[in-house]
Amino acid sequence: MFENITKQAFINLLAEGKIDMSVRDVLTTLKEHFGVTDFTHALRDTAHLSAMKGFNKVEPLWKKLVSTAPKNDFKVNYLVGVEGMGTLDSKIESEPYYERKPTDSSENYTIARYGNVFPLSFEAKANDATGLLNKYHRQWGAAAANTLNKFVLNTMINDNPPTTRGTNLFSSTNANAAGDVDLNHANLVAGYEAMMAQTDDNSDPMELMPRYLLCHPADAEVAYSLTRSTSLMMQTHATGTAAKETTYNWMNGMLEVIVSGWITSGYWFLVADPNIYDVFEMGFYQGRQEPEVFMQTPESDAAFFKDVIYSKCRLIFGGAPADPRCFYGAGFAV
């Protein structure tokens with residue numbers, strides 16, 4: 001059936017679920033038509049293609065909030081910020097320039113390995129006819145993408161992690177936390193004003209413009225209404241009784257909403273643009289932002305003694321918020 005098909009074409013058909021064969025028959029075909037030498041490579045390529053299909057089906061929300069950098073070791077990575085330069089001095093004719101020394105601030109992080117192994121037993125190979133390999137490896141790909149979303153949105157923002165400055169990311173010391181307040185127009189404006197009021201070590205304005213509004217799906221309707229409506233119904237008490245009037249929503253179009261289940265319901269956050277400010281750095285081992293899939297060889301101890309072939313999915317990364325002033329958090333006690 002596959003005498004005239006190339007190895008890559010077979011792999012593509014298998015990864016796309018277009019070959020109706022049991023796992024046992026697939027493995028036999030790979031060995032018979034492509035040789036034992038190519039068997040492991042072909043199986044690994046198939047697993048990688050399947051994993052990437054799952055990986056690409058999950059929206060990479062984390063990418064919007066970070067800048068990335070390749071890392072080649074597991075040493076501590078320092079995020080050094082330079083500030084306190086103030087403004088340039090005005091000079092009269094022939095007046096010399098004077099030296100001004102900046103101040104340094106830094107956060108740090110290390111990268112780590114994330115992954116799991118999946119055993120494919122002799123019984124599974126014999127009985128399965130539903131594309132077990134494809135299903136598991138696609139789920140692995142989706143799991144890798146969710147791991148990145150969880151790390152950035154949940155672990156490093158939602159959970160209010162500690163920083164090397166001696167405070168948590170959101171705290172009164174950092175002037176970036178509102179406490180347990182609802183997401184509404186007045187509180188959103190307060191968050192905008194708080195970020196714009198942040199100053200550097202020289203007490204000069206940093207001009208930090210919020211770019212993203214993060215919230216839970218339960219708060220999505222409110223978030224989109226506050227950021228995409230041209231007008232709002234506001235409560236007034238001008239006549240001594242509660243009344244409502246329509247007012248122009250000046251925040252219309254100013255923020256991009258990011259909705260994620262990794263954000264706790266009732267929590268909401270403002271984040272600056274990582275393309276402009278030092279917001280959040282993610283480091284990936286050798287720059288690889290996609291999961292790697294590895295397969296054991298048929299001659300492995302597991303295959304020989306237990307009739308099991310193991311595959312492994314791995315992702316190596318780390319990261320940290322670079323500057324708490326680029327964040328604003330609300331909806332939780334601090």
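The values are calculated or read from the model by the stated rules, or taken from the named source; none is laboratory data. Just so it is clear, the structure is predicted and the values come from calculations on it, not from any experiment. Neighbour counts run over all protein chains shown; Cβ positions are idealised from the backbone, glycine included.
Which strands (runs of 3 or more DSSP E) does the stretch 246-304 wholly contain that include 1 or more residues that are modelled with pLDDT of 85 or more and touching a Cys at 6+ places or on another chain (Cβ under 7 Å)? I'd like the intermediate steps shown before the answer.
Numbers: elements: 256-259, 268-272, 280-285, 292-295.
So the answer is 256-259, 268-272, 292-295.
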Assess whether residue 329 counts as being in a strand (DSSP E or B), within 29 Å of residue 137 (Cα to Cα) and at pLDDT 95 or above. no
Residues that are of a type in the set (Gly, Ala, Ser) and assigned to a helix (DSSP H, G or I): does the stretch 145-161 have at least one? yes
Mind listing just one residue for me: the one in the stretch 305-324 that is loosely packed, with under 15 Cβ neighbours inside 10 Å and assigned to a helix (DSSP H, G or I) and, of those, modelled with the highest pLDDT? 306
Tally up the residues in the stretch 48-82 that are in a helix (DSSP H, G or I) and either in contact (Cβ under 8 Å) with a residue 40 or more places away in the chain or over 13 Å from the mean Cα position of the chain (by Cα) (or both), please. 14
Are any of the residues in the stretch 152-161 within 30 Å of residue 288 (Cβ to Cβ), touching a residue at least 24 places away in the same chain (Cβ under 8 Å) and in contact with an Asp or Glu (Cβ under 8 Å, 6 or more places away or on another chain)? no
